[in-house]
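The values are calculated or read from the model by the stated rules, or taken from the named source; none is laboratory data. From a predicted model like this one, the values you see are computed outputs, not experimental measurements. In this analysis, Cβ positions are derived from the backbone assuming ideal geometry, glycine residues included, and neighbour counts consider all displayed protein chains. Just the protein is used for accessible areas: all its heavy atoms, side chains included, with ligands, DNA and RNA removed. Shrake-Rupley method; radii C 1.70, N 1.55, O 1.52, S 1.80 Å.
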Amino acid sequence: DSDPASTSGGGGGGDDLIKVGFSQLGAESGWRTANTESVKASLTKENGIDLTFVDAQQKQENQIKALRDFVDQGVDVIAFSPVIETGWDEVLQDIKDAEIPVVLVDRTVETTVEDPFVTWIGADFKQEGTTAGEWVKENHPDAKIFELQGTMGSGAQTDRQEGFREVVGANVIGEASGNFTRAEGKTATEAALAAYPDMDLIFAHNDDMGLGAIEAIEAAGKKPGEDIKIVTVDGVRDGLQALVDKKFNFVVECNPVFGDQIVDLIKKVDAGETVEKETIVVDEAFDQTITQEFVDARSF
Ligand code: GZL
């Protein structure tokens with residue numbers, strides 16, 4: 001009869017758990033915090049995962065350090081959401097040399113490393129920009145647009161901008177980065193109001209910068225959603241509340257709640273099963289016809 005203390009598994013870091021190192025880029029937005037909640041709720045010991053989670057405060061050097069630590073710790077799988085697309089070649093090669101599989105989450109990478117990750121799961125950022133552009137073309141074809149860009153060089157920023165400008169690029173009279181944060185979105189909009197007094201529509205690459213824009217527009221004595229229309233991406237609760245309050249005009253969703261899909265991918269990758277090269281997380285889009293009840297019922 002075996003000593004009960006010797007049985008493995010259960011709540012401890014038993015050797016039957018998959019050791020996962022997760023490098024999250026930061027906590028810059030409502031989207032990111034919802035994504036982190038979903039990851040932490042899904043990558044649990046109950047689901048067979050021993051998770052090491054590190055927040056990089058939107059600094060690439062912090063992410064690279066976390067990735068190197070995961071290699072040193074000999075994790076079974078690495079998952080990360082790269083803050084910007086470039087600058088990962090060396091660390092991705094080191095991870096590859098250590099034969100640790102990578103599950104890329106949310107943001108995308110540009111790298112010279114052969115086969116740098118096993119699979120990627122995230123949103124179709126270019127389509128999000130296209131959807132936003134098509135709404136503007138349809139509803140405000142003569143808009144004078146200021147574009148509030150996300151973190152420069154991130155896949156979300158470059159692809160949303162590309163999709164949007166393919167449709168209404170000729171209407172864009174100015175641009176500046178708000179780095180996906182409310183505070184920087186506000187300061188960028190304050191400067192834009194002074195530089196482009198005739199702008200009448202803002203395309204913000206995420207809700208948080210759009211919420212900062214609302215503050216700047218109201219401080220300037222103008223009405224957000226009327227004097228200056230606001231189109232955003234994400235569809236987090238605060239963003240949809242602004243839509244119900246008629247301060248936003250159109251919101252393209254980018255769903256952050258896919259921790260359960262990440263767990264499935266990690267288990268398959270760890271078991272050496274073949275997985276899809278990419279999994280697109282389904283998005284919707286919302287206009288001012290949404291109700292307060294709908295917003296109250298949202299999980300993120
Ligand atoms: C999109 C994600 C973006 C969100 C922002 O998948 O990478 O990063 O749109 C977040 O809110 O900062």
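List of remarks:
- The set of residues in region 194-213 being under 23 Å from Glu134 (Cα atoms) and within 16 Å of the ligand (Cβ to nearest atom) consists of Ile202, Phe203, Ala204, His205, Asn206, Asp207, Asp208, Met209, Gly210, Leu211, Ala213.
- Listed by first and then second residue, the pairs with beta-carbon distance under 8 Å, at least 6 apart or on different chains, first residue in region 272-300 and of a type in the set (S, T, N, Q), second surrounded by fewer than 16 Cβ atoms within 10 Å (Cβ to Cβ), are Thr279/Gln261; Gln288/Lys246.
- The listed residues are Ala79, Ala98, and the only one of them that is small (Gly, Ala, Ser) and under 15 Å from the mean Cα position of the chain (by Cα) turns out to be Ala79.
- Among the residues listed as Asp283, Asp260, the single one being part of a loop (DSSP other than H, G, I, E, B) and either more than 13 Å from the ligand (Cβ to nearest atom) or over 23 Å from Phe146 (Cα atoms) (or both): Asp283
- Leading residue by the ranking (surrounded by the fewest Cβ atoms within 10 Å (Cβ to Cβ)) among those in region 178-213 that are among the acidic types (Asp, Glu), touching a strand residue (DSSP E or B) at 6+ places or on another chain (Cβ under 9 Å) and assigned to a helix (DSSP H, G or I): Glu184
- Number of the condition not met by Lys268 [criteria: (1) touching a residue at least 24 places away in the same chain (Cβ under 8 Å); (2) over 24 Å from Val233 (Cβ atoms); (3) open to solvent by 20 Å² or more (accessible area, probe 1.4 Å)]: (1)
- Test: Phe164 is outside the structural domain of Ile266 (by TED's automatic domain parsing), aromatic (Phe, Trp, Tyr) and within 12 Å of the ligand (Cβ to nearest atom): no
- Residues being free of Cβ contacts under 8 Å to residues at least 60 places away in the same chain, of a type in the set (Phe, Trp, Tyr) and within 16 Å of Phe80 (Cα to Cα) are entirely absent from region 23-39.
- Residues (within 16 Å of the ligand (Cβ to nearest atom), of a type in the set (A, V, I, L, M) and outside any loop (DSSP other than H, G, I, E, B)) located in region 23-54: Ala34, Val39
- From the list Ile78, Ile95, Ile49, the lone residue that is in contact with a Leu (Cβ under 6 Å, 6 or more places away or on another chain) and under 21 Å from Glu276 (Cβ atoms) is Ile49.
- Residue that is at positive phi, among the basic types (Lys, Arg) and surrounded by fewer than 23 Cβ atoms within 10 Å (Cβ to Cβ), where the choices are Lys246, Lys223: Lys246
- Residue check for Ile78: in contact with a helix residue (DSSP H, G or I) (Cβ under 7 Å, 6 or more places away or on another chain) and farther than 20 Å from Ile266 by Cβ: no
- As a summary of the residue check, Glu175 satisfies the conditions (1) open to solvent by 70 Å² or more (accessible area, probe 1.4 Å); (2) touching a helix residue (DSSP H, G or I) at 6+ places or on another chain (Cβ under 6 Å) except for the one numbered (2).
- Test for Asp287: is it at pLDDT 95 or above, in contact with a Phe, Trp or Tyr (Cβ under 6 Å, 6 or more places away or on another chain) and not assigned by TED's automatic domain parsing to the domain that holds Gly155: yes
- Extreme residue, nearest to Ala34 (Cα to Cα), among residues of region 219-252 that are more than 14 Å from the ligand (Cβ to nearest atom) and in a strand (DSSP E or B): Phe250
- The listed residue being closer than 17 Å to Val233 by Cβ and among the β-branched types (Val, Ile, Thr), out of Ile145, Ile100: Ile145
- Evaluation of Ala216 against (1) touching a Leu at 6+ places or on another chain (Cβ under 9 Å); (2) in the same structural domain as Lys45 (by TED's automatic domain parsing); (3) part of a helix (DSSP H, G or I) (one fails), failing number: (2)
- Count - residues of region 132-157 that are under 17 Å from Val105 (Cα atoms) and more than 13 Å from the chain's Cα centre (by Cα): 1
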